[in-house]
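The values are calculated or read from the model by the stated rules, or taken from the named source; none is laboratory data. Predicted model, so just to flag it, every value in this text is computed and none were measured. Cβ placement follows ideal geometry from the backbone for every residue including glycine, while neighbour counts extend to all protein chains displayed. When the accessible area is computed, the model is the full protein with side chains, heavy atoms only, and any ligands, DNA or RNA have been set aside. Shrake-Rupley method; radii C 1.70, N 1.55, O 1.52, S 1.80 Å.
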Amino acid sequence: MDADVIVVGAGLAGLVATTELVAAGRKVLVIDQESEANLGGQAWWSFGGIFLVDSPEQRRMGVKDSLDLAWQDWQGSAQWDRFAGESDEDHWAKQWGRAYVEFAASIKRDYLLSRGVKFTPLVGWAERGDGRALGHGNSVPRFHVPWGTGTGIAEPFIQAAREGAAKGLVTFAHRHRVDELVRAGGAVTGVRGRVLAPDASARGVASNRDEVGDFEFTASAVVVSSGGIGGNHDLVRKHWPDHLGTPPKHMITGVPAYVDGRMIDITAAAGGRLVNRDRMWHYVEGIHNWNPVWPGHAIRILSAPSPMWFDALGRQLPAPYLPSYDTLGTLRYLRTTPDIEQYDHSWFVLTSTMLAKEFALSGSEQNLDLTDHDVKAVLRSRIGKGAPREVQAFVDHGEDFVVADTLLDLVAKMNALTGEPLLDVDLMRRQIEARDREIANAYSKDFAVNAIHNARRYRGDRIGRVSAPHRILDSKHGPLIGVRLNVLTRKTLGGIQTDLESRVLGADGAPVEGLYAAGEAAGFGGGGVHGKNALEGTFLGGCIFSGRAAGLSLAKAAL
């Protein structure tokens, strides 16, 4: 054999599994179609948010959290409904959900600290939900930001794998594309595929697919940790769920091109069961990147609640479709409302004061103060005056941003950007002025205004995230800013079904001998740990949890 275990995919889940295997003295062969420069996969490019429950960081911010509250939120968001015996689509997904929430409420933080991950004091309130205690969303802030952003999560496991290589326990096979899982006697015994030509492209940049040879490797077990389908718009459209209407004609991409979903169907060909393929997580606050790392590289705006959100015809979205509240609910509304489903965009309208405090951008490269561990820069950009430099760069150079001193001029520029006079300035003025009248008191009948007041009751939002309530048409807070928003592809919530040891299950519900899966390819565990919705900060954590489960299971197995 070439190794005890073959890990297909050198992203976070695969590296976590490798770390656990090395700790047990196992020999691991890590195979990836990309170069060494891409170790860590798409986790490297993420904001790095980590879902924790009842953490010291939460308690310091006055947040009262618990396992019971987190599990209530997770179930209300997941809405698992596909049950038909032990081999059904959601049986294992729900078990993974419970196990993951328990992990987040117990040893997850200590596990990451032991690996060298360090957390900032920042705890964000992401995905605030649909307005129901038993519905979707986080009842309290749980989005913990690490120093280093996504690099701070990925780097310790990259380093651990490299240390394993120095000890002779890890071998890397970069530029090897797996095309088949090899089976013998009903068990998976290895992989075969094509060697790709060397490529010196920088991290994230699309690499060549020139084939220069064949390979076949054998091992006692194979772990598939190759990511999801977000970089493949054809697969996104193929599996687009009916309840989200029709997929947009124009979508932008939030992941590198190598997130192509190939290994999911390859695993199915080897006997693995695929479930919940129509469950996916795409953002509606996507913007074209003025300075992309890879072709088509797009960015998501992380906005606090104050900006007004309008559809393509200039009508404010109804509650709970507000910034930072209900991602898939908003996507469903935009894609299924009859007179706007033909349009692929919506709009934020906000003041410069809101921009300075409430806009952040996804991506490690868009948060260099945090990525570079620069405490002084964090204080300047998160608490000081003016927009963070990366945000301001999009205002100055981004194709989706328009700026004007008056609403009349702003709407004219917004219409010019889309090439159609879809927006009526009088309609938008009536809505904005009505909202502005509600700002005079610390209470309101307006759901969106109350969202601002509620957010500012949380210390973290009041200090560094949500601006004091003010009128949008108050010139003291100008100029006005309009942002065209696009659908941004991102995460696969379904995939390869696994049990709690990350063993891949077959059509009969029994484990396929020698085959494991982790990370996004496995729906972050069980083929759908999130169910229908995610609570944010849970994607990297799902890679860690499922990769760790695969590594620990194989570490104790008789190989």
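Assorted remarks:
- Solvent-free Debye scattering, log10 I(q)/I(0), computed from the Cα coordinates of the range 95-153 at q = 0.12, 0.18, 0.19, 0.21 Å⁻¹: -0.37, -0.78, -0.85, -0.97
- Environment charge at D369 (Cβ cut-off 11 Å; Lys +1, Arg +1, Asp -1, Glu -1): +1
- Amide hydrogen proximity for H144: with H placed 1.01 Å from N in the peptide plane, the residues at 5 or more positions away or on another chain lying under 5 Å are I50, F51, L52, G124.
- Over all other residues within a Cβ to Cβ distance under 14 Å of A184, the charged ones net out to -1, with Lys and Arg as +1 and Asp and Glu as -1.
- Exposure ranking of Y343, Y443, Y458 by accessible area [1.4 Å probe, largest first]: Y443, Y343, Y458
- Pairwise label distance in nanometres, N208 with L408, each label 7 Å out on the Cα-Cβ vector: 5.9 nm
- The calculated FRET efficiency for the pair E163 and A269, based on their C-beta separation and a Förster distance of 35 Å, comes to about 0.50.
- Compactness check for the range 327-450: Cα Rg over 2.2 N^0.38 Å is 1.26.
- From its DSSP helices (H runs of at least four residues, each -39,500 (n - 2.57)), the chain gives a residue-normalised ellipticity at 222 nm of -9500 deg cm²/dmol.
- Entries in K94/K249; K376/K532; K357/K413; K238/K413 that, when Cα-Cα distance is taken, lie over 28 Å: K94/K249; K376/K532; K238/K413
- Chain lengthening between A510 and E420 when straightened (0.36 nm per residue, less Cα-Cα): 26.8 nm
- Spread of Cα-to-Cα distances over 10 Å intervals beginning at zero, given as percent, for the range 280-394: 13, 41, 33, 12, 2
- Across every direction, the projection of the convex hull enclosing the Cα atoms of the range 31-113 has a mean area of 8.4 nm².
- The modelled label-to-label distance for the pair W71/A440, using points 7 Å beyond Cα in the direction of Cβ, is 4.9 nm.
- Stokes-Einstein diffusion for the chain at 4 °C, viscosity 1.567 mPa s, with a Kirkwood radius from C-alpha pairs, works out to 54 µm²/s.
- Close amide H contacts of G190 (hydrogens built in the peptide plane, cut-off under 5 Å, sequence separation of 5 or more or a different chain): V182, A219.
- Sum of side-chain charges, A202 neighbourhood, beta-carbon under 13 Å (Lys, Arg +1; Asp, Glu -1): -3
- Alpha-carbon gyration tensor eigenvalues x 5, square-rooted, for the range 76-174, Å: 32, 22, 11
- 10 Å binning of all Cα-Cα separations within the range 44-86, expressed as whole percents from 0 upward: 22, 34, 30, 13, 2
- Between E180 and K64, residue separation times 0.36 nm minus the direct Cα-Cα distance comes to 36.9 nm.
- When only Cα pairs below 8 angstrom with a gap of at least 6 residues are kept, the range 484-554 shows a relative contact order of 33 percent.
- Cα pair distances in the range 400-559, grouped into 5 Å bins until the bin that holds the longest one, percent each: 2, 8, 11, 11, 10, 9, 9, 9, 8, 8, 7, 5, 3, 1, 0
- Euclidean distance between Cα centres, the range 366-402 to the range 231-287, Å: 31 Å
- Spin-label model distance (nm) - A23 vs L379, 7 Å beyond Cα toward Cβ: 3.6 nm
- Viscosity 1.002 mPa s, 20 °C: Kirkwood-radius Stokes-Einstein D of the range 200-246 over Cα pairs, µm²/s: 143 µm²/s
- Surface/4 of the Cα convex hull for the range 201-308, nm²: 10.6 nm²
- Solvent exposure, largest accessible area first (probe 1.4 Å, DNA, RNA and ligands not counted), of L334, L500, L379: L379, L500, L334
- Computed accessible area, W96, all protein chains, 1.4 angstrom probe, square angstrom: 0 Å²
- Under-5 Å amide H pairs with V170, H placed in peptide plane, nonlocal only: V28, A165
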